[in-house]
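The values are calculated or read from the model by the stated rules, or taken from the named source; none is laboratory data. These numbers come from a predicted model, not from an experiment. Note that we place each Cβ from the backbone using ideal geometry, even for glycine, and neighbour counts take in every protein chain shown. Surface areas here come from the heavy atoms of the whole protein model, side chains and all, with no ligands, DNA or RNA. Shrake-Rupley method; radii C 1.70, N 1.55, O 1.52, S 1.80 Å.
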Amino acid sequence: MNSLTNLPTERQCHKQIFIAIYGTKDCPACAERLLFRSSYAWCGLCRKKWSAKAVCWLRQSKLSFRGLWLLIWCWQQQKSTGTAVDITGSSYPTVRRWFRRFREHIPQTRLQLSGIVEVDESFFGKQKFGHQAIVIGAIERDTRRLRLQVIPDRAQDSLEMFLQSTIQRGSLITTDAFAGYHDLEFYGYSHERCNHSNGHFGPTNMIENFWGVLKRSLRRLYGKLTLADLPNILKEWEQRQNQPELFYNVTNYLRASCSGFVQ
């Protein structure tokens with residue numbers, strides 16, 4: 001579904017969510033055709049009831065299947081909380097709670113970057129109020145694959161620990177002239193520096209551009225960002241870059257996030 005003009009009905013949403021979770025529209029026990037009721041699917045041959053929500057992290061949800069479908073669609077399309085409230089008819093706390101749950105259940109791929117990798121740090125939050133976090137990011141220049149992480153400080157040990165866990169040895173790392181990156185050759189990396197004070201931004205242009213896009217989007221979507229949500233928001237942005245197919249449609253996301261629940 002790419003727009004609200006072709007929104008599925010409640011029964012169609014129930015059926016599509018069932019297929020995404022169980023991998024079939026027929027009875028998982030006897031392969032007979034199922035009858036889809038309001039909250040469960042019923043098999044007339046083996047007389048069994050099947051619930052799409054009860055077997056995965058959607059359990060105990062009071063949302064209708066259509067409401068759940070709409071919330072996932074709004075989250076995938078990066079609609080603001082206010083817009084999602086208008087579209088779904090849910091309350092602000094409900095929308096925020098479900099957006100948080102969607103982020104928490106994104107399947108993770110702990111990939112290692114290689115080739116030419118641009119690395120930089122950025123500050124999130126207001127320093128004068130004591131609510132500020134440091135985020136380090138690494139982006140693969142050829143594929144735009146991404147890794148992000150909140151770090152406690154800009155000390156050399158914190159930076160090197162992130163780089164060793166996310167970038168393969170032998171890769172070319174491009175950074176600014178910050179002193180914390182000066183010993184990367186010791187760990188088997190090639191290293192190219194650029195001095196931003198002299199107006200030299202080329203080698204880190206891609207990661208610098210990403211920070212601008214991310215911060216503008218966060219201001220548009222959330223206004224004031226709470227740092228408690230920042231790690232999961234970074235996880236979501238990682239997967240939007242690394243696994244964009246998860247955000248193409250509702251079915252792709254549900255199939256991936258619920259795949260480990262049904263055997």
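Report yes if Arg154 is touching a residue at least 24 places away in the same chain (Cβ under 8 Å), part of a loop (DSSP other than H, G, I, E, B) and touching an Asp or Glu at 6+ places or on another chain (Cβ under 8 Å), otherwise no. So Arg154 fits the description; yes. The set of residues in segment 160-186 being farther than 19 Å from Leu111 by Cα, exposed (fewer than 14 other Cβ atoms within 10 Å of the Cβ) and not acidic (Asp, Glu) consists of Ala177, Ala179, His182, Phe186. With respect to (1) touching an Asp or Glu at 6+ places or on another chain (Cβ under 8 Å); (2) open to solvent by 10 Å² or more (accessible area, probe 1.4 Å); (3) of a type in the set (Val, Ile, Thr), the lone exception for Ile139 is condition (2). Counting only helices (runs of 4 or more DSSP H) wholly contained in segment 1-105, the ones carrying 3 or more residues that are within 20 Å of Leu218 (Cα to Cα), open to solvent by 40 Å² or more (accessible area, probe 1.4 Å) and in contact (Cβ under 8 Å) with a residue 24 or more places away in the chain occupy 92-104.
When Leu214 is tested against (1) farther than 17 Å from Arg154 by Cβ; (2) open to solvent by 60 Å² or more (accessible area, probe 1.4 Å); (3) of a type outside the set (Gly, Ala, Ser), just one condition goes unmet, and that condition is (2).
Number of residues in segment 40-62 that are under 13 Å from Ile17 (Cα atoms) and touching a Leu at 6+ places or on another chain (Cβ under 8 Å) equals 4. The residue of segment 92-134 that is nearest to the chain's Cα centre (by Cα), among those that are over 13 Å from Trp237 (Cα atoms) and of a type in the set (A, V, I, L, M), is Leu111.
Answer yes or no as to whether Arg144 is out of contact with any Lys or Arg (no Cβ under 9 Å at 6 or more places or on another chain) and surrounded by fewer than 15 Cβ atoms within 10 Å (Cβ to Cβ). Let's see the steps before the verdict.
Details: out of contact with any Lys or Arg (no Cβ under 9 Å at 6 or more places or on another chain): yes; surrounded by fewer than 15 Cβ atoms within 10 Å (Cβ to Cβ): yes.
In short, yes.
The condition (being under 27 Å from the mean Cα position of the chain (by Cα), at pLDDT below 90 and at negative phi) is satisfied by just one residue among Lys224, Lys235: Lys224. Scan segment 218-230 for residues that are assigned to a helix (DSSP H, G or I) and surrounded by 15 or more Cβ atoms within 10 Å (Cβ to Cβ) and jot them down. Those that are assigned to a helix (DSSP H, G or I) and surrounded by 15 or more Cβ atoms within 10 Å (Cβ to Cβ): Leu218, Leu221, Tyr222, Leu230.
Determine, yes or no, whether Gly137 is in contact with a Lys or Arg (Cβ under 9 Å, 6 or more places away or on another chain) and either within 26 Å of Tyr181 (Cα to Cα) or not in a helix (DSSP H, G or I) (or both).
Details: in contact with a Lys or Arg (Cβ under 9 Å, 6 or more places away or on another chain): yes; either within 26 Å of Tyr181 (Cα to Cα) or not in a helix (DSSP H, G or I) (or both): yes.
It is true that Gly137 is in contact with a Lys or Arg (Cβ under 9 Å, 6 or more places away or on another chain) and either within 26 Å of Tyr181 (Cα to Cα) or not in a helix (DSSP H, G or I) (or both).
Please work out if Thr109 is surrounded by fewer than 19 Cβ atoms within 10 Å (Cβ to Cβ), in a helix (DSSP H, G or I) and either of a type in the set (Ser, Thr, Tyr) or on the phi > 0 side of the Ramachandran plot (or both). Answer is no for this residue.
Residues of segment 217-263 that are over 21 Å from His131 (Cβ atoms), free of Cβ contacts under 8 Å to residues at least 40 places away in the same chain and of a type in the set (Gly, Ala, Ser): Gly260 alone.
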